[in-house]
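Participant: This is the structure I have questions about; it appears just below.
Readers should treat all values here as calculations from the given coordinates under stated rules, not as data from a laboratory. These numbers come from a predicted model, not from an experiment. Neighbour counts are summed over all protein chains in view; Cβ atoms, including those assigned to glycine, are modelled from backbone coordinates with ideal geometry.
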Amino acid sequence: MNFHFPGTYAELRDNHFSGNYRVKSKNQVSHMDERLILMRLNQFEDGFNQLATLIEDPQYFDFLYYLVEHLDAHPNQKVQLQLVEILSFQIQKLYPDHAQAFKMTLFLLLNLLQQKQLQGQQVRRALKTLQQLFNLNAFHDFGREGSRYIFDLVKMAVEIKDAQIRELWIDVLVQAIAMWQTYDLNLKNRIVHLMYEQESVVLNISKFLLGCSKNDRLKQYTVDQIILLVNYITEKSTNQTESLAVKNLKELLSQTSKDMPKVYYQQLSAFIGLYDNENYHIRNGLSELITNVIEYLIKESKDQDSDEFQLTNANNLIKQLLDRHMDKTALCRSNVLHCLSQLLNSNCVPKQHLQTIFAISSSRLRDISGYVRKSSLQLLKSIVRYYRFLYVQSQGRQNFWSSADIEDQIGRNKEELQNIHKDFEDIDKQFQKGQISQEEVNESIKFIKKKAQEKIKIQEYLEEYQKFLEGMKTVITQVLQLCQSKNQADVIHSIKLFSYLQKYNYESANLGLRRMILLVWSQDKTIQQEVIKKFWKLFLRDTKKTRQIILQIIDLISKSNLKELISLEKIILSYETELAPNYKFPSKIFHTLWEYFGNQEIDQRSMLIFVRIMLTRNSSLLNLEKVAQIYNQLQKYSKKDPDWIIIKELATILSKLDRTHGKNQINFNKSIDLLIILLIKYQNSSDMNYFCACDSIIQLVPNAENPELIFETLLQDLGFQSTKMDLEAEEIKQMEEIHLAHAIYIAGSVSLQLLIFIDATHNSLKNLKNEREKQIGKEQEIDKIQGGIEGEFEKLHGIVDQIQDLKLIQLNLLSVFSPMVKQILSDCLNQMETEENATKQQPPIVQVSLITMCKFMCLSESYCRENIQILFNIMKSPLVDQVMKNNVIISIGDLLHRWPNSIQKFHKQIYSNLADTSAAVRRVTLLVLTHLILNDMVKSKTSLSHIPILLTDPHPQIPAMARYFLNELQKKEQRAITNAIPDIISNVQDQNENILSQISQYIDKSQIESIVDKLITILGTSTNQYEVKNISILFNHINLSQNSLQKLLDGWEEYREQLRDQFVYNQFMILIKKLKRTLPQDAKPLIEDYEMKVEHHDKETFENRRREKVTKKKNVKQGQNEGGVDKELKENKGGNKLKQQQQQQKRQTKKRKEDDFMELESDSDDMSEESLVIKKQTSTRRKRSIKKDEDE
């Protein structure tokens, strides 16, 4: 029989196909496993080698037919590839002598190649075979059906990933289209279907179209295919359509316009109308298409020496692109900004558009969408890079010009222009006097004009750059704000922009760098890593320039405040850790850094801070030689006034020393002795940094030999011996104030070290007890009765506690200072009460005395109990400065942790500081309370009524801290905020919807009904008008259920009178409108009933009077019933229970009749229609209620 290509693969089995070859045998492949299939394939391969036309045998063809069909449903790559190998090898032997077998083999091969997951060398060989057959014109006599099977190879676009296979596939299809152009509509329709059905076809389809465009005969086909896709898909799409076809079309327009922009440029009029399409994917695709065409036009114009026509078209397209930055869809606005970035990065934006693009990027930084802000930051970076290329690199510079440099150049340029003008006037005068000839005049004028034109161009150039610098001032402010955004992309791209500006020394980049460094504390790990990465790239990447790295970081340290220094230390310590494992810290930095030790040309403070940070990374870098250098440096300071910041840093550096080696300990002791001598020698120093140095030096002493002796010597040498000290106020005043302040501060620092030592002693005792228990094992019962090891160590702990509480502050050398600080603070408070013009800024001795007293309190509980009220008096005084108040608040937090039983009863006084006039005091108070509450040291209920007030604080940090506290508390105690709602409302002193709207977010949904109950009770009893208004506001911010509405109805009489206030009435009307929207349909009668009540709240209705009467009647009846029941019980004591139940039922029936009668009763002859309606509704509802009670 003659073989003819069927319409479909399955058609080959149909009876009506009997005129040609038909598959008649049964399917045996479905019952075979892989092993049997491969065995049969090997037999066929042997058979084909012996007889080329073996496939014409129905037995063999039918089996292969069913096998291809089976593999399409159940892919098996091993079988597929072997079959491809057999068929592609066999088909070469069949052409041109065996046409029938050739067609049958080709039919199977083409169907097999379209199957999924088919990739490999065999496929490449098969396509290569088809390519060769096309070159041999082997398919010239194939009809429409045969060409359709060749065109079906386009389905391979889904799977092709190998570049070589893609090239062969494209070539085969291109030759097929060229051969069968009359049938190309089949191929076009197949491509349309692929765009609708498959995700990964765009790349291969675009490459295919590119291949077609390179063939002169198929250029029109390429255009027709693209226009068909655009028209078909856009007609089917809407604004809501998120179909696969629309997304594929957007990617196809982007990819193909990049590969063949000339084709789109020639047909641009057919695409430009896509901006009117409602689907944002299509508008985005057109924006990317226009971008690629602009790039093509700009590059073509440069290659053709400025083709004006192409430049004009490019400028028009850029203007059209710029107009889209206000698109209604955020993703379209973002896409347009991305396209502009692409043009800038490829140097395809004419200079006249720069200012417009710069203004657009600046305005989009405030866009509501995070996507747009991200693209705006990226565009801004591209603009900055472009300006640097045009105005900086073109002048042979690397770093940006500063504003001062530009102003100076503009001034000089103006002077030169004025000089040129004078030269022109001089030439004119000389010519008029006849001193020069006409020819000389013409030459001079030509030269002057040329020079003037150059200067004018330079002037324009400088003024444009000056406009850029002015615009950047606004941009820097906006980007600094974005660094604090909650959106991760805002922060990361702000960091990238500031990093670029810092790299090329933009004048305001230092502000961004300092803000960037602080972001290392972000809770977002990605932001942390971005900061660390950018810092490494800016300062540590170039390991060959070690000295430059050191000098840059020293300069950065010198300009940093305390927060920035701590952040900088964290960044440096993070390298080669889990946070930044791939960023290596230069190993030679410390040794080069130490070379600057003692070098007065380098800022020694910043240099030593850097050394201290490096030693934190690796303390082994500090050796004997360096300790000796430190000792020598300290000796120099004994002869002149020292820099106490340097002394502090040197003491901190010494604390890093490894003292396990004997020589190190000797040098360490010598250095401590010298530091103590410095403290004593310069005890009258007026430098406030003396206090900082005191702390660092005192912290070193416990690591020396005989620390107690050193402390005693220090205090005695300062002039305060217990045998000579008199506590009279007159003698205290005679002493130098600063000397006294230093001594008191040192005493406080010593007490803190004693506290650390005592805690260490307790820990040592615990460890010793554990070791003893392990050695002895289980104790005998008699030993336990007598106390045993537990009792022995409890006595030791008690002795230590007694020494700590009663002897350290009260009986030893520190006892000189404990009453002194109390007296100084008491005198200060008395003075503030008596003097009218008392200053809020307290002298150093008062501040130092306060800090020392707090340290003494941490050491001794009895001293704390005696003097705690002084701290609260200071905290409440309006004349005390904010620094002292903050110190008190922080100390109270420490004391609450240390002595909770002694301080707990006072802690409520802290809340008054949440309303302090100083923002710093409010912030510190909130910080301390957050720490105490979240760590369960203070109960949250009391504080919850105060902290929410800070949600509207004018200071920007405080509302954020309050929200953080509420969020963390909500995670910890889900119902804590809900339970505190009544207290919060009572503390809101004015009508504040902002606070209430934020608080409503934390209300537990399951507790709304109970909250409504509480609020109704408060509404009925409150005389505070603000409280009533705030409750009415809160009702509108919580989601009331049907049960909640019923509670509002049941409690109506409790709060009806409050609706006389117009504001409260309006809030309840707004609530009713909200309930109509949110509650289900079955709640409509309740809502209408409640709405009628609210609207007629000011009228005394029949129901109100009825309720009053019923209440009075009930009270009378209740008294009578109680009397009757008592009498009956006495008479029928021990009587029949059945009789009692009958009498009770009679009483209830009589009571219901009386109530029904009361409902029909009226004291008013002139009742309004509204009253009658309300009366009727009330009576009906009452009867239903009675009936329900009877049923129950």
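Participant: Which entries of 351/473; 128/262; 1029/1099; 328/1076 show an alpha-carbon separation above 24 angstrom in the structure shown?
Facilitator: Pairs exceeding 24 Å: 128/262; 328/1076.
Participant: When you take every Cα atom in the chain, what is the radius of gyration, and what is Dmax, the widest Cα pair distance, in Å?
Facilitator: 45.7, 152
Participant: Now for a separate question. Please grab the % of Cα pairs in the stretch 127-185 that end up more than 17 Å from each other.
Facilitator: For the stretch 127-185, the share of Cα pairs beyond 17 Å comes to 33 percent.
Participant: Quick one: compute the contact order of the chain, relative version, from alpha carbon pairs under 8 angstrom and 6+ residues apart, as a percent.
Facilitator: Relative contact order, the chain: 3 percent.
Participant: Taking the Cα centre of the chain as the origin and placing charges on Cβ (Lys, Arg +1; Asp, Glu -1), which of 770, 1072, 980 is farthest toward the positive end of the dipole?
Facilitator: Farthest towards the positive pole: 1072.
Participant: Jot down the per residue volume, in cubic angstrom and as a whole number, of the convex hull over the alpha-carbon atoms of the stretch 292-398.
Facilitator: Value for the stretch 292-398: 95 Å³ per residue.
Participant: Using the crude model of +1 on Lys and Arg Cβ and -1 on Asp and Glu Cβ, and no other charge, please compute the dipole size for the stretch 488-617 relative to its Cα centre, in debye to 20.
Facilitator: I would put it at about 240 debye.
Participant: Determine Rg/Rh for the stretch 1-94; Rg is computed over alpha-carbon atoms and Rh is the Kirkwood hydrodynamic estimate from the same atoms.
Facilitator: Reported Rg/Rh (Cα atoms, Kirkwood Rh): 0.95.
Participant: Let me ask another. Helix 788-802: angle to the longest alpha-carbon principal axis of the chain, degrees 0 to 90, nearest 10?
Facilitator: 70
Participant: May I ask you to work out the translational diffusion coefficient for the stretch 622-705 at 25 °C, viscosity 0.890 mPa s, via Stokes-Einstein with Rh from the Kirkwood sum over Cα pairs, reported in whole µm²/s?
Facilitator: Answer from the Stokes-Einstein relation: 192 µm²/s.
Participant: Next up: Would you calculate a helix-derived [θ] at 222 nm for the chain, using -39,500 (n - 2.57) for each DSSP H run of n ≥ 4 and dividing by the full residue count, to the nearest 500?
Facilitator: That calculation yields -22500 deg cm²/dmol at 222 nm.
Participant: Radius of gyration and Dmax for the stretch 827-957's Cα atoms, expressed in Å?
Facilitator: 14.7, 42
Participant: Now, a different point. From the phi angles alone, apply the Karplus equation (6.51, -1.76, 1.60; θ = phi - 60°) to the stretch 629-636 and give each ³J(HN,Hα) in whole Hz, x where the residue is Gly or Pro.
Facilitator: 5, 5, 4, 5, 5, 5, 5, 5
Participant: Using +1 on the beta carbon of Lys and Arg, -1 on that of Asp and Glu, and nothing else charged, what's the dipole of the stretch 622-705 about the Cα centre, debye to 20?
Facilitator: Dipole size: approximately 220 debye.
Participant: For the stretch 401-482, just say rounded, prolate or oblate: build the C-alpha gyration tensor, square-root its eigenvalues into a ≥ b ≥ c, call rounded for a/c under 1.5, and beyond that prolate if a/b exceeds b/c, oblate if not. Don't skip to the end; give the middle numbers.
Facilitator: On the way: a/c = 6.40, a/b = 4.10, b/c = 1.56.
Prolate is the answer for the stretch 401-482, as a/c is 1.5 or above and a/b outweighs b/c.
Participant: Kindly express, to the nearest 10 degrees and within the range 0 to 90, the angle between helix 882-898's C-alpha long axis and the longest C-alpha principal axis of the chain.
Facilitator: For helix 882-898, the angle is close to 90 degrees.
Participant: Dipole of the stretch 292-398, Cα-centred, from +1 at each Lys and Arg C-beta and -1 at each Asp and Glu C-beta, to the nearest 20 debye?
Facilitator: 720
Participant: Also, quick follow-up: Along the charge dipole of the stretch 651-724, which of 651, 667, 704 sits closest to the positive end, that is, farthest toward it, with unit charges on the beta carbon of Lys, Arg, Asp and Glu (+1, +1, -1, -1)?
Facilitator: After comparing all options, I get 667.
Participant: Hey, another quick one. Measure out, as a whole number of angstrom, how far apart the alpha-carbon centroids of the stretch 132-183 and the stretch 602-676 sit.
Facilitator: Taking the Cα centre of the stretch 602-676 as reference, the centre of the stretch 132-183 is 81 Å away.
Participant: Just name one of 83, 889, 856: the one whose Cα is farthest towards the positive end of the charge dipole of the chain (beta-carbon charges, Lys/Arg +1, Asp/Glu -1).
Facilitator: Working it through, the farthest residue towards the positive pole turns out to be 83.
Participant: Can you work out the base-10 log of I(q)/I(0) for the stretch 488-617 at q = 0.12, 0.15 1/Å, using the Debye formula on its C-alpha atoms alone?
Facilitator: -0.43, -0.69
Participant: Taking Cα centroids, how far is the stretch 496-568 from the stretch 998-1052 in Å?
Facilitator: The stretch 496-568 and the stretch 998-1052 have Cα centres separated by 52 Å.
Participant: Say the cut-off is 22 Å between C-alpha atoms; which of 496/570; 381/503; 247/525; 422/450; 24/78 go over it? List each step's numbers first, then the result.
Facilitator: On the way: 496/570 20 Å; 381/503 13 Å; 247/525 33 Å; 422/450 15 Å; 24/78 28 Å.
Table pairs above 22 Å Cα-Cα are 247/525; 24/78.
Participant: Relative contact order for the stretch 872-940: what percent, with Cα pairs under 8 Å and sequence separation of 6 or more?
Facilitator: So the answer I get is 32 percent.
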